[in-house]
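Working notes, beginning with the structure itself.
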Amino acid sequence: MIKNKIHTMVAASILLLINGCGSDTPEPEEKKRKVAGFHTDRSMFIATVDKVSPTKEDRNAMIGEFIMKSNLQCQHYLDNPLNTSSNPKKQGLYMDIFDGVSQAFGMKHITDGAKKLYIKKSGNGTNKAKIAYENALSPEIKRGVEIAREKYAQKMLLRKTRMIESYTIAMLERDMENYDKLCSYETGLIEIHKALKKAQRQPKIKPFSPKIDPTTIKNKVEAVTREAEANELSNVKIDVKVLNAKESEKESQSQTMSDIEELNNTAF
């Protein structure tokens, strides 16, 4: 009996150890992809790679399908309404763009106003001017993302010539992860800033990329700023009118009370 109990305890201990070791297994792919930001959905991919004995042909098929489908999914992701939430990095990138416009076109009086309008919040926490800037620059932001991803895709395609031992599946996975990270509004803003810097250095030469025109950026920043400033001035005028109306109403009420008091005194 004692031997049987010992054997049972040993068996239970082994099972616990096995279960404990099992807890260190990698998380499923779908759990990993719950991280914020864009991630290419590969669940319906035709290309597959044998993890045990991958081949160059399978790897290259994966590269081609990934780039094509990731680009389509990224376009859809960027077509969604712009994220109006604020973070230091995003705000800093917009400040860089306003500075870039100022340095390239000499519009400091406009861009200084743009900076103030972008960070300003109303009493209810909203900022219509900030949303207006982001919506206006949305096409250029998307083009900036395309530029950055095209450059990285060319690097991936060139690596198709390499043997599977020198460009492994693990390396490909890292490239695909980096490619996904480039599908972001921050990437687009960085490319806009690069185009503006290029215009500062070579103002008479056509921008490096025809997809982002610095003059268009300048025109959009100026248009949104002037409209936002006009709206603010209009709101101030409306507030003055309301204030004057309230003051007139108070004076009228005061006069009425004075008249009533005078009538009462006359009656007595």
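The values are calculated or read from the model by the stated rules, or taken from the named source; none is laboratory data. From a predicted model like this one, the values you see are computed outputs, not experimental measurements. For neighbour counting, all protein chains shown are included, and Cβ atoms are generated from backbone atoms with ideal geometry for every residue, glycine included. Remember, those area values only see protein heavy atoms, side chains included, never the ligands or the DNA or RNA. Shrake-Rupley method; radii C 1.70, N 1.55, O 1.52, S 1.80 Å.
Tabulated data
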{"quantity": "Base-10 log of normalised Debye intensity for the range 35-82 (one unit scatterer per alpha-carbon) at q = 0.21, 0.22, 0.26, 0.28 Å⁻¹", "calculated": "-0.77, -0.81, -0.97, -1.04"}
{"quantity": "Accessible surface of the range 46-179 [probe 1.4 Å, protein heavy atoms]: carbon and sulfur percent", "calculated": "57"}
{"quantity": "Inter-label distance, nm, simple model (7 Å from Cα along the C-beta direction), Thr168/Ser122", "calculated": "5.7"}
{"quantity": "Extension reserve of the Gln154-Glu57 stretch, reckoned as 0.36 nm per residue once the Cα distance is removed", "calculated": "33.1 nm"}
{"quantity": "Entries of Lys128/Lys198; Lys108/Lys220; Lys90/Lys116; Lys116/Lys142; Lys130/Lys181 with Cα pairs more than 22 Å apart", "calculated": "Lys128/Lys198; Lys116/Lys142; Lys130/Lys181"}
{"quantity": "Surface per residue (accessible, 1.4 Å probe) for the range 112-169, Å²", "calculated": "55"}
{"quantity": "FRET efficiency, 1/(1 + (r/R0)^6) with R0 30 Å, evaluated for Asp79 and Glu227 via beta carbons", "calculated": "0.80"}
